[in-house]
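Here's the structure we're looking at; comments come further down.
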Amino acid sequence: MLYKYLDPDRISILESSLIRFTQPTDFNDPFEFKPVISTLASKAEMDQYVDQYMDEILQAELKKYPPEVRTLIPLKQLKLITRQLYSQNLPEIEKKLVEMGSVTTQLFSDKSNELIGVLSLAENNSNLLMWSHYARSHKGFCVGFDKKSDFFNRTRSIKDEFYYLRKVEYRKDRPISRLTQLSSVELLLIKSEEWQYEQEWRMCAALTDSSLTIDESPFPIHLFEFPKTAVKQVILGACMSQNNKDKLLGIIKTNKEYNHVIVKQAIISSQQFKIEFIDL
């Protein structure tokens, strides 16, 4: 099972079966979806590109001129001049590719916030910090999802980055890569080891696929429908109000699709810095 810590204001998700996939810019971590792209390509990659495509490019350019003009510019000589110009301008080309790397980093960040939503889940249902940060200081609740549910396993192709669960990797150093080397893991799944306590798994989705969009400022809220069968457990926060407990229990008890769900109450341990659970 994987767990979603939720604010008490979000009790309605159990009734509607709609859960938010959040834009990266609305996360707590300001480094989300901001890869460091050192340059677009290395010198070796540029050399390989020139070797592979120069003839094709030059011939295409020559075809733009009348036949009489083409005879005045032998292809062999044009290739030699082009290679000389490439070598002479290589330092400036490399500088521009580095500058474009920075621009690409910002562009990816901007576009990901328009196009990608993320559902974050945690391995642990008793993390004190998670209860405090994401469940309004233990006043909220926690939903246990079956990670084997089809909802979390909808890979559409071998190269697909969306609609299946993946574990976040925590690293000491921020990854720095050429654009040509950048992997989906570095783009979507790398966080500072400071966040390691979250033990996060995440599933990405295309925001255009959302079931419902609520126009809010500064970011619209994109909600995706999940099957009630994917819910296996609901835990009430140790400091949850009685009114919110009644609301939540009412939704679960009156909906036959939640008959299988185990409901627990979190309580504060009398002897240790931990929370314990009792069945309801």
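Largest first, what is the accessible-area ranking of Y258, Y49 with a 1.4 Å probe?
The ranking, largest first, comes out as Y49, Y258.
I need to check one value: relative contact order of the chain, counting alpha carbon pairs closer than 8 Å and at least 6 residues apart, in percent.
29
Given a cut-off of 27 Å, name the pairs among K111/K247; K159/K232; K167/K247; K167/K253; K4/K172; K148/K172 whose C-alpha atoms lie farther apart than that in the structure shown. Could the numbers behind the result be given before it?
On the way: K111/K247 38 Å; K159/K232 30 Å; K167/K247 33 Å; K167/K253 33 Å; K4/K172 25 Å; K148/K172 31 Å.
K111/K247; K159/K232; K167/K247; K167/K253; K148/K172, as the Cα separations exceed 27 Å there.
Quick one: order S87, S269 from most to least accessible surface, probe 1.4 Å.
Sorted by accessible area, descending: S87, S269.
Restricting attention to the stretch 117-150, which trypsin sites (Lys or Arg not before Pro) occupy a DSSP loop and are surrounded by at most 14 other Cβ atoms within 10 Å? Before the final figure, lay out each step's value.
On the way: sites: R136, K139, K147, K148; in loops: R136, K139, K147, K148.
Answer in residue order: K148.
Which value, in Å² rounded to 10, gives the accessible area of R156 with a 1.4 Å probe and all protein chains present?
Surface accessible to solvent at R156 totals approximately 140 Å².
Springs between alpha-carbon pairs under 10 angstrom, Gaussian network model over the chain: which of S177, S38, S157 fluctuates most?
S157
What is the Cα centroid distance between the stretch 58-130 and the stretch 217-280, reported in whole angstrom?
What the calculation gives is 49 Å, centre to centre.
Counting other Cβ atoms within 10 Å of each Cβ, which trypsin sites (Lys or Arg not before Pro) in the stretch 241-277 have at most 10 and sit in a DSSP loop?
K274
If E225, E276, E200 are ordered by their accessible area, calculated over protein heavy atoms with a 1.4 Å probe, which sequence runs from highest to lowest?
Reading off the accessible areas and sorting them downward yields E225, E276, E200.
Under 20 °C and 1.002 mPa s, how fast does the stretch 114-237 diffuse according to Stokes-Einstein, given a Kirkwood radius computed over C-alpha pairs? Answer in µm²/s, whole number.
Working: Rh = 16.4 Å.
For these conditions, the coefficient is 131 µm²/s.
Restricting things to Cα coordinates, could you compute the convex hull volume per residue of the stretch 128-187 in Å³?
132
Between the DSSP loop rule and a limit of at most 11 other Cβ atoms within 10 Å, which trypsin sites (Lys or Arg not before Pro) in the stretch 18-116 are left?
Passing both the DSSP loop test and the Cβ count: K63, K64.
Using a cut-off of under 15 Å, list every residue of the stretch 80-113 whose amide N is near the label point 7 Å from the Cα of D173 along the Cα-to-beta-carbon line.
It comes to no residues whatsoever.
Can you give the percent of C-alpha pairs in the stretch 6-107 whose distance is more than 21 Å?
In whole percent, the long-distance tail amounts to 62.
How much solvent-accessible surface does Y53 expose, in Å² to the nearest 10, with a 1.4 Å probe and all protein chains in place?
Here the residue's solvent-accessible area equals roughly 80 Å².
Go through [x] 52; [y] 31; [z] 40 and flag the label whose value is the computed percent of Cα pairs over 28 Å apart for this structure.
[x]
Run the helix sum for the chain: -39,500 (n - 2.57) per DSSP H stretch of 4+ residues, divided by residue count, reported at 222 nm to the nearest 500 deg cm²/dmol.
Per the formula, -10500 deg cm²/dmol.
Which value, in Å² and to the nearest 10, is the accessible area of E257 when all protein chains are kept and the probe is 1.4 Å?
100
The values are calculated or read from the model by the stated rules, or taken from the named source; none is laboratory data. Owing to the predicted nature of the structure, the values given are computational and were not obtained by experimental measurement. Note: ideal-geometry Cβ built from the backbone for every residue, glycine included; neighbour counts use all protein chains shown. The accessibility values were calculated without ligands, DNA or RNA, using every heavy atom of the protein model including side chains. Shrake-Rupley method; radii C 1.70, N 1.55, O 1.52, S 1.80 Å.
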